[in-house]
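Scroll down for the structure; my scribbles are underneath it.
The values are calculated or read from the model by the stated rules, or taken from the named source; none is laboratory data. The structure displayed is predicted, hence computed values, not measured ones. Positions of Cβ are generated from backbone atoms using ideal geometry, with glycine treated the same way; all protein chains shown enter the neighbour counts.
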């Protein structure tokens with residue numbers, strides 16, 4: 001089976017059936033990753049370029065490993081060691097790469113909409129690995145996959161997304177996915193970090209009291225403060241943020257239920273999460289990293305020109 005779209009530019013473009021297909025395919029690939037031999041030749045003779053204009057650790061390594069597990073030939077591109085530093089345009093860069101017979105492009109870029117621009121100008125399949133403050137679709141997919149490992153279904157699940165909602169592409173992709181799949185979503189954090197009209201525009205609840213958000217939810221997906229994307233101070237200090245909005249072990253132990261703690265990484269320990277929460281029994285953060293490989297294998301496989 002194939003997705004209804006030739007690219008993965010964002011969760012916004014996927015149908016509910018597309019999301020279900022990716023998650024079910026990822027489950028099959030996770031089973032493969034538990035075997036002694038963790039490779040399958042599904043993408044043999046497919047060439048993929050990882051085009052990262054922004055720094056990345058987890059996402060880039062996850063895609064690289066997924067490509068290797070599928071038997072693809074991969075090419076890694078960094079701007080600092082390329083002609084981009086000499087003024088070459090994005091389109092010229094990609095067209096030069098495509099002349100080497102590349103089939104798929106995994107792209108991260110600081111400009112929102114950059115993967116959408118490329119998809120209109122080149123024939124290769126584009127996978128968005130994060131564009132500006134727009135979307136990060138594979139992160140939302142692996143988050144959903146990780147939720148399903150702990151909970152029976154997404155429909156009716158109560159998910160709190162806590163932190164810097166304003167500047168987070170992870171938040172946007174998660175909201176699109178969770179609402180499409182029937183989950184209830186609350187965004188929580190300081191008023192200065194939550195878009196003013198998000199409740200009306202996206203059908204989510206807004207909560208400025210983190211304790212109340214934790215009491216309400218089944219899953220808390222905690223986001224990093226994106227200081228590099230803030231043009232002006234939006235709260236007094238990181239210490240003040242931790243005191244008012246940071247998740248602490250004592251807060252979780254006071255709840256009359258167990259909730260799941262997630263984080264897309266990298267974690268600012270002692271800011272949005274204390275270490276004994278990030279490393280504690282409520283956390284599935286390392287599971288998210290592991291699941292990222294299986295989910296990205298599924299996306300690559302379903303968008304590959306070789307997949308029937």
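Just a yes or no: is a residue in the stretch 222-240 modelled with pLDDT of 95 or more, in the same structural domain as residue 270 (by TED's automatic domain parsing) and outside any helix (DSSP H, G or I)?
Within the stretch 222-240, one or more residues are modelled with pLDDT of 95 or more, in the same structural domain as residue 270 (by TED's automatic domain parsing) and outside any helix (DSSP H, G or I).
Search the stretch 1-14 for residues being under 18 Å from the mean Cα position of the chain (by Cα) and touching a residue at least 24 places away in the same chain (Cβ under 8 Å), and hand back the single one that is surrounded by the fewest Cβ atoms within 10 Å (Cβ to Cβ).
Out of the qualifying residues, it is 12.
Could you please find all residues in the stretch 47-63 being touching a strand residue (DSSP E or B) at 6+ places or on another chain (Cβ under 7 Å), buried (at least 18 other Cβ atoms within 10 Å of the Cβ) and outside any strand (DSSP E or B)?
53, 59, 60, 63
Spot the failing condition for residue 55; the list is (1) touching a residue at least 24 places away in the same chain (Cβ under 8 Å); (2) within 17 Å of the chain's Cα centre (by Cα), and only one is missed.
Against the list (1) touching a residue at least 24 places away in the same chain (Cβ under 8 Å); (2) within 17 Å of the chain's Cα centre (by Cα), residue 55 comes up short only on (1).
From 165, 122, which residue is in contact with a strand residue (DSSP E or B) (Cβ under 9 Å, 6 or more places away or on another chain) and more than 27 Å from residue 78 (Cα to Cα)?
Exactly one residue qualifies, and that residue is 165.
Across the stretch 250-287, which residue is nearest to residue 164 (Cα to Cα) among those that are assigned to a strand (DSSP E or B) and touching a residue at least 12 places away in the same chain (Cβ under 8 Å)?
Restricting to residues being assigned to a strand (DSSP E or B) and touching a residue at least 12 places away in the same chain (Cβ under 8 Å), the top hit is 273.
Sort through 74, 119 and tell me the only one that's touching a residue at least 24 places away in the same chain (Cβ under 8 Å), more than 29 Å from residue 262 (Cβ to Cβ), surrounded by 16 or more Cβ atoms within 10 Å (Cβ to Cβ) and in the same structural domain as residue 39 (by TED's automatic domain parsing).
The unique qualifying residue is 119.
Would you confirm whether any residue within the stretch 259-269 is touching a helix residue (DSSP H, G or I) at 6+ places or on another chain (Cβ under 6 Å) and farther than 18 Å from residue 143 by Cα?
Within the stretch 259-269, one or more residues are touching a helix residue (DSSP H, G or I) at 6+ places or on another chain (Cβ under 6 Å) and farther than 18 Å from residue 143 by Cα.
Name the residues in the stretch 5-39 that are part of a loop (DSSP other than H, G, I, E, B), at pLDDT 95 or above and under 18 Å from residue 304 (Cβ atoms), would you?
5, 6, 7, 9, 14
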